[in-house]
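Accompanying notes for the structure given below.
The values are calculated or read from the model by the stated rules, or taken from the named source; none is laboratory data. Given the structure is predicted, the values throughout are model-derived calculations rather than measurements. All Cβ positions, even for glycine, are placed from backbone atoms using ideal geometry, and neighbour counts span all protein chains on display. Surface areas here come from the heavy atoms of the whole protein model, side chains and all, with no ligands, DNA or RNA. Shrake-Rupley method; radii C 1.70, N 1.55, O 1.52, S 1.80 Å.
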Amino acid sequence: MNFKYLAVTALLLFALASCKNNYHEKQQAEQIMRKEYNKKLIEANKGLVARDSSRIVGVIRANNWDMNVTGTGLWYEIIEKGRGQKAKLNQIAILDYKVRLLSGELAYTSDSTGPLKFKISKGGVERGLEEGVLLLHQGDSARFIMPPYMAHHLLGDQKKIPPRSTIIYEVRLKSLKK
């Protein structure tokens with residue numbers, strides 16, 4: 001009876017060890033696949049960003065705009081300088097604006113919707129708009145070009161901005177409030 005008990009125990013231990021090895025092998029294989037997938041995804045994203053940048057540069061050149069680009073990829077140009085205070089985090093910005101697609105097609109304007117009002121750093125607007133407003137002084141007029149990852153990402157706004165759209169904001173910072 002002792003021998004049977006030892007044999008069954010040994011068999012169970014062998015089976016458990018085998019399962020544990022299979023589990024680790026499976027985990028390692030999944031980890032390798034995940035790394036490969038992430039690598040391909042990063043390469044695809046780099047390609048999309050390069051394509052978007054090329055299109056943006058083409059529009060800038062075609063319109064003879066004198067634009068700068070931030071480290072995050074926001075293109076901007078101060079068209080007219082105001083005389084007011086510089087925008088800061090947590091202030092409320094009030095803007096007149098026009099939003100166009102990269103093709104030039106008008107999507108939105110404050111003429112039809114009223115001025116845009118938002119608290120800087122609270123979200124609720126495009127990431128590129130928040131970053132751009134922080135470059136402005138009250139009274140400034142500016143142009144911002146936002147690649148999809150700074151605007152409406154993969155889905156667009158599901159109204160007038162199509163998926164993966166680069167957009168152009170023309171703004172005038174009317175006022176800043178606490």
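Below are the figures for this structure:
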read-out: Search result, residues across segment 117-126 that are farther than 14 Å from Lys88 by Cα, open to solvent by 30 Å² or more (accessible area, probe 1.4 Å) and touching a residue at least 24 places away in the same chain (Cβ under 8 Å); value: Lys117
read-out: Condition met for Gly71 (within 21 Å of the chain's Cα centre (by Cα), open to solvent by 80 Å² or more (accessible area, probe 1.4 Å) and small (Gly, Ala, Ser)); value: yes
read-out: Flag if Ser175 is of a type in the set (Ser, Thr, Tyr), buried (at least 18 other Cβ atoms within 10 Å of the Cβ) and either out of contact with any helix residue (DSSP H, G or I) (no Cβ under 9 Å at 6 or more places or on another chain) or part of a loop (DSSP other than H, G, I, E, B) (or both); value: no
read-out: Residues satisfying the stated conditions in segment 74-115, i.e. in contact (Cβ under 8 Å) with a residue 12 or more places away in the chain and among the β-branched types (Val, Ile, Thr); value: Ile78, Ile79, Ile92, Ile94, Val99, Thr109
read-out: The listed residue being under 26 Å from Ser54 (Cα atoms) and either surrounded by 18 or more Cβ atoms within 10 Å (Cβ to Cβ) or modelled with pLDDT under 95 (or both), out of Gly82, Gly156; value: Gly156
read-out: Selection status of Val99, in contact with a Phe, Trp or Tyr (Cβ under 6 Å, 6 or more places away or on another chain), over 18 Å from Lys178 (Cα atoms) and open to solvent by 50 Å² or more (accessible area, probe 1.4 Å); value: no
read-out: Segment 131-142 residues that are within 11 Å of Glu77 (Cβ to Cβ), paired with ones that are outside any strand (DSSP E or B) (beta carbon under 7 Å, 6 or more apart); value: Gly132/Leu74; Asp140/Lys81; Asp140/Gly82; Ala142/Gly132; Ala142/Leu136
